[in-house]
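Let me begin by presenting the structure, written as structure tokens, before commenting on it.
The values are calculated or read from the model by the stated rules, or taken from the named source; none is laboratory data. Just so we're clear, the structure is a prediction, and the values are computed from it rather than from any experiment. Methodologically, a virtual Cβ is constructed for each residue, glycine included, from the backbone with ideal geometry; neighbour enumeration extends over all protein chains shown.
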Amino acid sequence: MQQPRLPTETPAHTIVSTGQAGSDLGSLPAAPVVERIACVECDLLVQIGELGEHERATCPRCGHVLTAPRPDGLTRALAYTLAACVLLVLANTFPFLQLKAKGLEQVMTLPRTAIELYRDGYGVLAVLVLGPIVGIPALILMTLLALLVPLRRPQPAPWLVPAGRFVSFLSPWSMVEVFVIGVLVSLVKIAAMATVVMGISFFAYVGFAVCFTLALSNLDTLEMWGEIEARTP
Ligand SMILES: [Zn+2]
């Protein structure tokens, strides 16, 4: 009698090269070698060997990118995290937008938007507005610092595993890029009604959004957990 097929199949090996032609596979960076990992999209177990520079492994069933290690990915992620921290502080310190219309002038800062909503009785809305664009990204940055700085040293740290899980849990809740696009769309409409002057905070937040996105994109999950595992007793 034929056995029923399990939802997780025998692993398939797939490596998709996105690099330049003629790359030297003998001088590839030390990517972690694992036997099998599960695709987060479809639960298929996939066997992955060593990947080279500009190579990535994708799920053979759904095409989800399983891992795409980059040279010095964790170091780049740390550098972008530090830059994002500085820019986020600047974005919350200076004026974001200045609106002028009919002799009236109003200066808006990121914290003030939430404060005004709270004063008007929309406390939940204030949290929902400021949380995904400032609060959650700030938490992610702090966790990344607590994770990436110890990973540069050989000594183990007891918080590496929970920090890795916390970053993976929080990342989908960040709406940094959505906010930047939303502000740009809003500016087109507001510009027809009032004079809009973009403040230092606006440019700082755009820079923060770029650095924040680059920090997360350089943080390869498989490489990160490989480094954490190497430092976990
Ligand atoms: Zn899949």
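Report yes if residue 55 is among the charged types (D, E, K, R), crowded, with 17+ Cβ neighbours inside 10 Å and touching a strand residue (DSSP E or B) at 6+ places or on another chain (Cβ under 8 Å), otherwise no. Yes; evaluated as a whole, the condition is true for this residue. Any chance region 72-85 includes a residue that's surrounded by fewer than 21 Cβ atoms within 10 Å (Cβ to Cβ) and part of a loop (DSSP other than H, G, I, E, B)? Yes. The single residue among 81, 109, 67 that is modelled with pLDDT under 95 and in the same structural domain as residue 167 (by TED's automatic domain parsing) turns out to be 109.
Checking the structure you have, find out if any residue of region 180-188 is in the same structural domain as residue 143 (by TED's automatic domain parsing) and crowded, with 16+ Cβ neighbours inside 10 Å. Yes, region 180-188 contains at least one residue that is in the same structural domain as residue 143 (by TED's automatic domain parsing) and crowded, with 16+ Cβ neighbours inside 10 Å. Each residue in region 38-53 was checked for being among the acidic types (Asp, Glu) and within 8 Å of the ligand (Cβ to nearest atom), and 2 pass. A Cβ distance below 9 Å, combined with a sequence gap of six or more or placement on separate chains, defines the contacts here; from region 54-75, residues that are closer than 22 Å to residue 215 by Cβ and within 15 Å of the ligand (Cβ to nearest atom) reach residues that are among the polar types (S, T, N, Q) and assigned to a loop (DSSP other than H, G, I, E, B) in the pairs 56/18; 57/14; 66/14; 68/18.
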